[in-house]
Amino acid sequence: MSTVVGIDLGGTKVAAALLSAEGGDANVADSVVHPTVLSSTDALLDQLVAIVAEAASGGSLDAVGIGVPSVVEFATGRVVSSVNIPLANVPLRAVLGERLGVPVFIDNDATVAALAEAHDEALLPAAHNLVMLTIGTGVGGGIVLNGRIFRGTGGAAEFGHTLIGMPLDDATDLPVALETFPQLGSLEHWASGHALDRLAVRVLGEGAHGIDLVSAAQAGDAAAGAAIRRWAHAIGIGIANAVNTFDPDEVVIGGGAAAAGDLLLGPAVEFAQGYIITGLRGHASVRFARFGNRAGVIGACLLAVHELEGAAADNG
């Protein structure tokens, strides 16, 4: 297996880790973590170069993989659009490849997290077909089909923007699509961390946040528990849509939603069963992400390994 560095680049922090093979077993070192430098594109590029060197500890590298919270044109490694980091329209693969002197592979952060979750703790393939829903401030996701990332033309798995609640029953008064996202009827509007925050304010009052609602529900507050079930219902619809569309082996829930534990997972699976078509019901298991906040950096490592192996096979 190749020696690579994987980077999980976020709007608040950037983490990097070295993956190497010892005795045939893959090992991912502890992550190096720093606050993300957002002052300029050049400053962020300098930080990425520096954190690769820090994670590699002076050793030789075969490649670098990076997960970014952006739409990525994978074939070229160009960041098409990015909201929280100054990389929009930056040919990141080419720029960093030139500076680092090794191949660099760029993909969406939720996509590489899904790739990690398709592997077990020993980083061996564990699920051929997997859908991941990342539920944090917003809702994102990733898709692995036949053991490989599915990207579409580069922006696949934007599950948060699937529509789950549009009032279309009155043909004389159809809603007009907004120019801003998330749309009011989208999964992200109803299932994200922001949605949970809105429920918290409704139940607990101004200034409350989703984590406060979870704590209240865990303490036995009935109104808080009912609000969590409403949130879980929306997430259950998202799970059902993923199963009905892809018929995966697993659906994985990642992001901050995992803090709700069984208050979320049990009801979400229960609601999902009612929306999954009979022929697919029971096929997919549903679980929280096994790698937690390490999924991004582990997935970025695996991205680099897979792409190197794919290139070797093509040239072999």
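The values are calculated or read from the model by the stated rules, or taken from the named source; none is laboratory data. Worth saying up front: this structure is predicted, and the values here are computed from it rather than measured. Cβ coordinates were reconstructed from backbone atoms using ideal geometry, including for glycine residues, and neighbour counts include every protein chain displayed.
Listed by first and then second residue, the pairs linking a residue in the stretch 146-158 that is among the polar types (S, T, N, Q) to a residue that is part of a loop (DSSP other than H, G, I, E, B), with Cβ atoms under 8 Å apart and 6 or more places separating them unless they lie on different chains, are 146/128; 146/129. Residue 251 meets the stated requirement of being at pLDDT 95 or above, in contact with a Ser or Thr (Cβ under 9 Å, 6 or more places away or on another chain) and not in a helix (DSSP H, G or I).
Residues that are surrounded by fewer than 18 Cβ atoms within 10 Å (Cβ to Cβ): list the strands (runs of 3 or more DSSP E) wholly contained in the stretch 1-67 that include at least 2 such residues. Show your work before the answer.
Numbers: elements: 4-9, 13-22, 25-28, 32-35.
Here the list reads 13-22, 25-28, 32-35.
Is there a residue in the stretch 109-124 that is of a type in the set (Gly, Ala, Ser), over 30 Å from residue 59 (Cα atoms), at pLDDT 90 or above and surrounded by 20 or more Cβ atoms within 10 Å (Cβ to Cβ)? No - not one qualifying residue is present in the stretch 109-124.
Taken over the stretch 68-92, the criterion of being more than 19 Å from the chain's Cα centre (by Cα) and buried (at least 23 other Cβ atoms within 10 Å of the Cβ) is satisfied by 92 alone. When 248, 267 are checked against the criterion of being buried (at least 18 other Cβ atoms within 10 Å of the Cβ), touching a helix residue (DSSP H, G or I) at 6+ places or on another chain (Cβ under 9 Å) and closer than 27 Å to residue 148 by Cβ, 248 stands alone in meeting it.
With respect to residue 308, is the statement that it is closer than 18 Å to residue 111 by Cα, within 18 Å of the chain's Cα centre (by Cα) and not assigned by TED's automatic domain parsing to the domain that holds residue 144 true?
For residue 308, the condition - closer than 18 Å to residue 111 by Cα, within 18 Å of the chain's Cα centre (by Cα) and not assigned by TED's automatic domain parsing to the domain that holds residue 144 - is not met.
Part of a helix (DSSP H, G or I) and assigned by TED's automatic domain parsing to the domain that holds residue 10: does that describe residue 112? I'd like the intermediate steps shown before the answer.
Details: part of a helix (DSSP H, G or I): yes; assigned by TED's automatic domain parsing to the domain that holds residue 10: yes.
The answer is yes for residue 112.
Do we find a residue being part of a helix (DSSP H, G or I) and of a type in the set (Val, Ile, Thr) anywhere in the stretch 258-275?
First, the residues of the stretch 258-275 that are part of a helix (DSSP H, G or I): 258-260, 262-275.
Filter once more, keeping what is of a type in the set (Val, Ile, Thr): 269.
Looking for residues that are part of a helix (DSSP H, G or I) and of a type in the set (Val, Ile, Thr), one finds at least one in the stretch 258-275, hence yes.
Could you identify the single residue in 303, 264 that is within 19 Å of the chain's Cα centre (by Cα) and without any contact (Cβ under 8 Å) to a residue 60 or more places away in the chain? Can you show your working first?
Numbers: 303 fails: without any contact (Cβ under 8 Å) to a residue 60 or more places away in the chain.
The unique qualifying residue is 264.
State whether the residues of the stretch 204-222 include one that is over 25 Å from the mean Cα position of the chain (by Cα), of a type in the set (Val, Ile, Thr) and either in the same structural domain as residue 240 (by TED's automatic domain parsing) or assigned to a helix (DSSP H, G or I) (or both). Taking every residue of the stretch 204-222 in turn, none turns out to be over 25 Å from the mean Cα position of the chain (by Cα), of a type in the set (Val, Ile, Thr) and either in the same structural domain as residue 240 (by TED's automatic domain parsing) or assigned to a helix (DSSP H, G or I) (or both). Pairing each residue of the stretch 205-229 that is more than 19 Å from residue 190 (Cβ to Cβ) with any residue that is surrounded by 15 or more Cβ atoms within 10 Å (Cβ to Cβ), provided the two are 6+ apart or on different chains, yields C-beta distances under 7 Å for 212/200; 212/204; 216/204; 216/224; 218/263.
Exactly one residue among 152, 141 is part of a strand (DSSP E or B), farther than 30 Å from residue 58 by Cα and of a type in the set (Gly, Ala, Ser), and that residue is 141.
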